[in-house]
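Take a look at the structure below.
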Amino acid sequence: FQEAFLEELRALGEKTPAGLEALFNEDGGAGDYLVWYCRLLAAAQFKGDPEAYLPFLGGADVDSFCQAEVEPMGKECEQVQIMALTRALGITVAIEYLDGSPLQDGKISKLVLPSEETGAPPAWVTLLYRPGHFDILYPVESVDGSI
């Protein structure tokens with residue numbers, strides 16, 4: 001799986017937005033394998049460093065949580081799964097929260113994983129969290145090719 005995963009990752013930069021949408025919406029296609037492999041990477045991260053995640057699991061043990069919430073396809077991911085995946089892949093993700101919480105200095109809440117205090121590189125992707133759902137936020141230049 002790893003080689004197929006890496007091959008697909010290398011090809012992602014060459015795909016158009018429509019091509020990416022098609023990739024991830026094809027049942028049983030390569031997108032499903034990419035998602036499933038990411039789930040396995042996140043589960044391995046949980047199991048390799050359980051103490052870092054136990055406070056976020058609502059009393060469940062890591063193995064049970066991974067079997068019920070991380071490994072199965074079709075399950076929505078939450079912040080803790082995103083945290084594990086970013087650590088497993090060594091990437092930085094920013095999450096902007098549009099959840100009705102109070103604005104901070106006129107701005108919505110933002111979380112960067114791993115935290116900016118760790119000296120992590122700039123966010124590779126930005127997600128918008130609305131209660132129960134994450135969306136990808138695209139920079140303006142990626143939509144129409146201009147800044």
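Mind giving me the FRET efficiency for Leu128 and Asp32? R0 is 30 Å, r the Cβ-Cβ distance, nearest 0.05 is fine.
On the way: r = 24 Å, r/R0 = 0.79.
With a Förster radius of 30 Å, E is 0.80.
One-quarter of the Cα convex hull surface for segment 84-134, in nm²?
Details: hull surface 16.0 nm².
Average of the hull's projected areas for segment 84-134 equals 4.0 nm².
Can you give the direction-averaged projected area of the convex hull of the alpha-carbon atoms in segment 1-76, in nm²?
Working: hull surface 23.3 nm².
Average projection, Cα convex hull of segment 1-76: 5.8 nm².
Which whole-number percentage describes the relative contact order of the chain, with Cα contacts under 8 Å and a sequence gap of 6 or more? Write out the running numbers ahead of the final one.
Numbers: 154 pairs, mean separation 22.5, N = 147.
Relative contact order for the chain comes out at 15 percent.
Straight-line reach from Lys47: which lysines fall under 19 Å, measuring Cα to Cα and dropping same-chain residues less than 8 apart?
Here the lysines satisfying the reach criterion relative to Lys47 are Lys75.
In deg cm²/dmol, rounded to 500, what helix-only [θ] at 222 nm does the chain give when every DSSP H run of at least 4 residues adds -39500 (n - 2.57) and the total is split over its residues?
Values: 7 runs with 63 residues, N = 147.
After summing the helix terms and dividing by residue count, I get -12000 deg cm²/dmol.
If you look at just the Cα atoms of the chain, how large are its Rg and its Dmax in Å?
In order Rg, Dmax, the Cα atoms of the chain give 16.3, 48 Å.
Every number here is computed from the coordinates shown, using simple stated rules; none is lab data. Remember, it's a predicted structure, so these values are computed and weren't measured experimentally. Cβ: placed from backbone, ideal geometry, glycine included. Neighbour counts: every protein chain shown.
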